[in-house]
1. Set Lys and Arg Cβ to +1 and Asp and Glu Cβ to -1, take the dipole of the chain about its Cα centre, and tell me which of Val169, Val36, Leu59 lies farthest positive.
2. Sorting check: for 145-154, 69-78, 109-118, which peptide has the highest mean count of neighbouring beta carbons within 10 Å, and how do the rest follow?
3. Over the C-alpha atoms of the chain, what are the Rg and the largest Cα-to-Cα span, Dmax, in Å?
4. Between their Cα atoms, which of Lys121/Lys237; Lys149/Lys237; Lys121/Lys184 are more than 30 Å away from each other?
5. If you look at just the Cα atoms of segment 102-198, how large are its Rg and its Dmax in Å?
6. So if the hydrodynamic radius of segment 37-133 is defined as the Kirkwood radius over C-alpha pairs, what does Stokes-Einstein give as its diffusion coefficient at 20 °C and 1.002 mPa s, in µm² per second?
7. Taking the number of other C-beta atoms within 10 Å as the exposure measure, put Glu240, Glu85, Glu67 in order starting with the fewest.
8. With charges set only on the Cβ (+1 for Lys and Arg, -1 for Asp and Glu), what does the dipole of the chain come to about its Cα centre, in debye to the nearest 20?
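Just so you know, all these numbers are worked out from the coordinates, no wet-lab data involved. Fair warning: this is a prediction, and the values are worked out from it, not measured in the lab. Quick reminder, even Gly has a Cβ in these numbers, built from the backbone with ideal geometry, and neighbours come from all protein chains shown.
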Amino acid sequence: MRYAQLVVGPAGSGKSTYCSTLVKHASDSGRVIEVVNLDPAAEHFDYEPLVDIRELIHLDDAMEDEELQFGPNGGLVFCVETLLENIDWLEEQLGDVDDDYILFDCPGQIELYTHLPVMRKLVDQLQHWNFRICVVFLVDSQFMVDGAKFMSGTMAALSVMVNLELSHVNILTKMDLLGKSARKQLDDYLDPDPHILLSAMKNGNSKFHQKYARLTEAIGEVIDNFSLVRFYPLNIKKDESIDNILITIDNIIQYGEDADVKVKDFDEPDDEDCNND
Ligand SMILES: Nc1nc2c(ncn2[C@@H]2O[C@H](COP(=O)(O)OP(=O)(O)O)[C@@H](O)[C@H]2O)c(=O)[nH]1
Ligand SMILES: [Mg+2]
């Protein structure tokens with residue numbers, strides 16, 4: 001079995017920082033986590049990528065090509081489609097390593113995950129190569145400190161989940177940047193009751209929410225029914241916080257559990273050999 005996190009979320013939500021943080025944290029305990037950069041427009045990251053999509057195609061290639069003439073969004077989709085067309089390249093770069101653990105640092109365009117088939121196809125391919133995958137959806141905590149923003153962040157997470165059909169964890173990033181009062185306020189959102197949030201929105205003085213109260217309520221029902229409204233806070237300045245996230249995801253993809261099984265399988269024939277002797 002191979003293990004992967006598909007790190008997704010809006011541009012600037014902290015995907016690349018999350019990846020380099022996890023790599024460093026793991027290496028402190030002698031564990032190897034690799035990163036594959038899948039963002040063809042990436043300018044900066046603090047890790048040494050195992051594979052870099054920019055070696056296959058760079059966003060500028062798609063945008064500056066006289067025939068293609070893509071804008072940034074179309075160009076990005078084109079790049080990921082190009083990756084799928086050259087899937088043998090990715091397979092070769094990834095190699096065939098048992099029990100490896102790879103973070104896929106993905107582009108920030110949300111439509112890649114919500115309604116285009118490209119990422120779903122990539123996921124199918126990874127599963128075919130024996131990867132057990134958890135989607136990690138990152139949201140900047142600074143954008144989640146009021147009810148309406150929380151709802152829209154949650155809806156984005158929900159559409160990613162429905163489209164990719166994989167295990168899924170939501171993370172609030174940049175917790176170190178929040179002041180004390182904002183952090184306290186955010187506690188309500190970590191494992192929230194959508195009905196309480198919704199009633200707070202309805203009672204606010206926004207005309208929109210007064211007019212569309214029933215719609216807002218229906219959205220709350222959907223979120224509630226999917227039991228998706230859970231966010232894990234991540235403070236990259238605290239080892240314990242990073243540890244919590246890593247353990248949670250390891251459990252979901254059952255990292256480490258199969259290794260125990262393997263030891264047992266290996267021991268049993270040995271016993272039989274002894275009995276036969
Ligand atoms: N203080 C702080 N800054 C962060 C954190 N995560 C990301 N950033 C900053 O936010 C910006 C965008 O982060 P990046 O990882 O490149 O986001 P990406 O576009 O999702 O890959 C960079 O300037 C990072 O240094 C965090 O946890 N704490
Ligand atoms: Mg990035």
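1. Comparing the listed Cα positions along the dipole, Val169 ranks first.
2. The densest-packed peptide leads the list: 145-154, 109-118, 69-78.
3. For the chain, the Cα-based Rg and Dmax read 21.3, 84 Å.
4. Lys121/Lys237; Lys121/Lys184
5. Cα-based Rg and Dmax for segment 102-198 come out at 15.1, 46 Å.
6. Details: Rh = 14.1 Å.
The calculation lands on 152 µm²/s.
7. Starting with the residue having the fewest Cβ neighbours, the order is Glu67, Glu240, Glu85.
8. 2560 debye
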